[in-house]
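Bear in mind that the values in this text are calculations on the coordinates, not laboratory data. These numbers come from a predicted model, not from an experiment. Cβ coordinates were reconstructed from backbone atoms using ideal geometry, including for glycine residues, and neighbour counts include every protein chain displayed.
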Amino acid sequence: GNTHDHYVQISGGGDRAKFLVSGGYYDQAGSIIGQNLKRFSTRINLDYQVSDRIKFAADFSFTDTNNQQNYDGLLGIAYKKMPNLSIFAQDADGDDT
């Protein structure tokens, strides 16, 4: 599937205060219809130098992930099944149902 990955970062500050703000967006389409992964993430860092001995720092981050998988892990089930078994369930007489 297609993948989109975008990331932006801005930083700056002065003698005593510095900041960094970043954000990202990730979008991946799965190889099966209906499967995709979307993630949005942000981060903020703030530093403030009060004196030569005292510094305040704050870090914040947030991530939101939406992982859509159809059929509750269809690929995982397919890997576990034996390739020589019928795709149909069989009754007691061996007839496909």
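Miscellaneous remarks
- Compactness of the chain is given as radius of gyration and Dmax, 25.2, 85 Å, from Cα positions.
- Packing-based order for 49-61, 31-43, using average beta carbon neighbours within 10 Å, highest first: 31-43, 49-61
- Rg to Rh, two decimals, where the range 14-56 supplies the alpha carbon set and Rh follows Kirkwood: 1.40
- The chain: relative contact order as a whole-number percent, Cα under 8 Å and 6+ apart: 20
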